[in-house]
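Written out below as structure tokens is the structure these notes cover.
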Amino acid sequence: MRRILLLALRDLRLEVRDRAGLASLLAFFLLTVFLMALALGPEEGLLRRAGPGVLWVALAFMSTLLASRAFALEVEDGTLDDLLLTPGGKEWVYFGKLLFQMLLLAPLGALALLVVAGLFYLPLEKGLALYLTVLLGTLGYASVATFYAGLLARLRGREVLLPLLLFSLVVPVVLAAVRASLGLVEGVDLGEVAGWWQLLVVFDVVYVTAAALLFPVVMEG
């Protein structure tokens, strides 16, 4: 646990100190959201219905870029092998990178929710429930993104390969998150939305467990 926390905090400190990475993430997110808002037009009902989908498209791309950066910096600095040569299991590297991403995605997800709510007329009466959906969905997405980012870290063209391998596997997570978000926006009873939350929790547990077990095998291979 100490290694996991130290690795996550080190990556977080480097990312905040660099600022260019966070600035590019925010610029990409804002550009994506504004372009989609302009493309859909001024009709309030259409924007509100499309809002959850736009939110998750933006969050998915942000998580993909963040996962790729997490391992790209290790390869550029030549520190990835140092981490893997540390005595003991290698699962802590995976969990450290995942924790680093969640420490950034949690506030970025809240900011994304507020921006999309303002542009797409999303009601925030159930803002906490929407934010819970964001956290559950981003955890499931980031768990797979971290695994594949580590697998492709040393390959050329990893920025292209990562989305191709990733998106096909995380479709159930994104679909469940969009359906839960849409239900909350449309005022569906929380009991019905809870089914999508349970599905997200199952995906999170399965993906995190499987990725943590397979990560040492693929990194040492």
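The values are calculated or read from the model by the stated rules, or taken from the named source; none is laboratory data. Just so we're clear, the structure is a prediction, and the values are computed from it rather than from any experiment. Here Cβ is always computed from backbone atoms with ideal geometry, including for glycine, and neighbour counts include all displayed protein chains. The accessibility values were calculated without ligands, DNA or RNA, using every heavy atom of the protein model including side chains. Shrake-Rupley method; radii C 1.70, N 1.55, O 1.52, S 1.80 Å.
Some points to look at:
- The range 116-136, residues that are open to solvent by less than 40 Å² (accessible area, probe 1.4 Å), touching a helix residue (DSSP H, G or I) at 6+ places or on another chain (Cβ under 6 Å) and among the aliphatic types (A, V, I, L, M): Val116, Leu122, Ala129, Leu130, Val134, Leu136
- Residue selected from the range 74-111 under the condition aliphatic (A, V, I, L, M) and over 30 Å from Leu132 (Cα atoms), by the criterion modelled with the highest pLDDT: Leu83
- Contacts under 9 angstrom Cβ, first residue in the range 151-162 being over 15 Å from Glu74 (Cβ atoms), partner modelled with pLDDT under 80 and open to solvent by 70 Å² or more (accessible area, probe 1.4 Å), 6 or more apart: Leu161/Leu155
- The residue list Val193, Val116, Val202, Val144 contains one member that is within 23 Å of Met36 (Cα to Cα) and part of a helix (DSSP H, G or I), which is Val116.
- Of the helices (runs of 4 or more DSSP H) lying entirely inside the range 1-97, those carrying at least 1 residues that are under 21 Å from Val178 (Cβ atoms), open to solvent by 30 Å² or more (accessible area, probe 1.4 Å) and not aliphatic (A, V, I, L, M) are 20-40, 44-77.
- Apart from one condition, Leu122 fits all of (1) aliphatic (A, V, I, L, M); (2) over 26 Å from Val16 (Cα atoms); (3) part of a helix (DSSP H, G or I); the exception is (3).
- Scope the range 181-211; condition buried (at least 20 other Cβ atoms within 10 Å of the Cβ) and farther than 23 Å from Glu125 by Cα; matching residues: Phe203, Asp204, Tyr207, Val208, Ala211
- For the range 65-73, the condition holds for at least one residue, the condition being that it is free of Cβ contacts under 8 Å to residues at least 60 places away in the same chain, among the basic types (Lys, Arg) and out of contact with any Pro (no Cβ under 6 Å at 6 or more places or on another chain).
- Subset tally (residues that are open to solvent by 10 Å² or more (accessible area, probe 1.4 Å) and either out of contact with any helix residue (DSSP H, G or I) (no Cβ under 8 Å at 6 or more places or on another chain) or in a helix (DSSP H, G or I) (or both)) for the range 150-180: 19
- Checked against the criteria, Val217 does not count as within 30 Å of Ala39 (Cβ to Cβ) and either at pLDDT below 95 or open to solvent by 40 Å² or more (accessible area, probe 1.4 Å) (or both).
- Of all the criteria given as (1) aliphatic (A, V, I, L, M); (2) touching a helix residue (DSSP H, G or I) at 6+ places or on another chain (Cβ under 6 Å); (3) part of a helix (DSSP H, G or I), the one not satisfied by Leu108 is (2).
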